[in-house]
Amino acid sequence: MSKKIKISNFEQDDKNFNKHTDGGMDLLKKSVETVGVIESITVSKDGKIITGNARHEVFNKILDENIEPIVVSTDGTRPVVLMRTDIRSGTKEFHEAALLANTTAKKNINLDFDLIQEIAIEEFDIDIIELGVEIDIDAMEMPNELTAPLKNEPPTIKLTFSSFKQLGRFEDEIKKLIETDEFSNVTYSISQGEI
């Protein structure tokens, strides 16, 4: 007799890049309670969640633990379609489900940039800009005070990159930062992957 598959059999990603938001999690809970499951969870071959950590958390809290998930195995070459047999197009439920899915996704993003730096960039050299991750220069922590290496020299900012390839990815954002009035008197130079 095979072991029953439960939603709890799948393992949360302890290094999930999205920390989620309280409002987004509340909206996700409301979405599942209002229109049921409208988005799936994607797991690796060994059962670790790739996408859907928040949905997994909510499903574990509010769905009956005896409900077995439908598991579709795929190598990613063919799309997987979820057909809701209880919802017809053009109905209130149809539009409510569509709105909840989109607004929940938008409100539940809270990326952990430290973890992205540590894993995606440093460990695996993933081009996060190419994958659509936006770096908000205005939200970055800037030093309160700039200090000069020598008394009569202008202050210096030093940013360290693991490679010139990584430096190239952030080139436009760095130029914007350097060109701001706040840092107009700051010196910088490029040397050995550092600026």
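The values are calculated or read from the model by the stated rules, or taken from the named source; none is laboratory data. Owing to the predicted nature of the structure, the values given are computational and were not obtained by experimental measurement. We place every Cβ from the backbone using ideal geometry, glycine too, and count neighbours over all the protein chains shown.
Scanning for something assigned by TED's automatic domain parsing to the domain that holds VAL72, among the polar types (S, T, N, Q), in contact with a strand residue (DSSP E or B) (Cβ under 9 Å, 6 or more places away or on another chain) and not in a loop (DSSP other than H, G, I, E, B), does the range 40-48 turn up at least one residue? Yes, some residue in the range 40-48 is assigned by TED's automatic domain parsing to the domain that holds VAL72, among the polar types (S, T, N, Q), in contact with a strand residue (DSSP E or B) (Cβ under 9 Å, 6 or more places away or on another chain) and not in a loop (DSSP other than H, G, I, E, B). Across the range 31-39, not a single residue is classified as out of contact with any Ser or Thr (no Cβ under 6 Å at 6 or more places or on another chain) and farther than 21 Å from PHE94 by Cβ.
In summary, ARG78 fulfils each of the numbered conditions (1) more than 22 Å from ILE7 (Cα to Cα); (2) in contact (Cβ under 8 Å) with a residue 60 or more places away in the chain; (3) part of a loop (DSSP other than H, G, I, E, B) with the single exception of condition (2).
Report yes if GLU57 is over 24 Å from GLU123 (Cβ atoms), out of contact with any Leu (no Cβ under 6 Å at 6 or more places or on another chain) and surrounded by fewer than 12 Cβ atoms within 10 Å (Cβ to Cβ), otherwise no. Taking the combined requirement at face value, the residue does not satisfy it. Just one of (1) within 25 Å of LEU27 (Cα to Cα); (2) at pLDDT 90 or above fails for GLY76. It is (1). Beta carbons closer than 7 Å, at least 6 apart along the sequence or on distinct chains, pair a first residue in the range 82-99 that is basic (Lys, Arg) with a second that is assigned to a helix (DSSP H, G or I) for ARG88/PHE94. Residues being more than 17 Å from the chain's Cα centre (by Cα) and under 16 Å from ASN102 (Cα atoms) are entirely absent from the range 49-68.
Rundown of residues vs (1) assigned by TED's automatic domain parsing to the domain that holds LYS19; (2) of a type in the set (Asp, Glu), yes/no style:
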{"site": "THR74", "(1), (2)": "yes, no"}
{"site": "ARG78", "(1), (2)": "yes, no"}
{"site": "LYS92", "(1), (2)": "yes, no"}
{"site": "ALA97", "(1), (2)": "yes, no"}
{"site": "ASP114", "(1), (2)": "no, yes"}
{"site": "ILE119", "(1), (2)": "no, no"}
{"site": "GLU122", "(1), (2)": "no, yes"}
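Pairing residues of the range 104-122 that are of a type in the set (D, E, K, R) with residues that are in a helix (DSSP H, G or I) and at pLDDT below 90, at Cβ distances under 9 Å and at least 6 apart in sequence or on separate chains, gives GLU122/GLN166.
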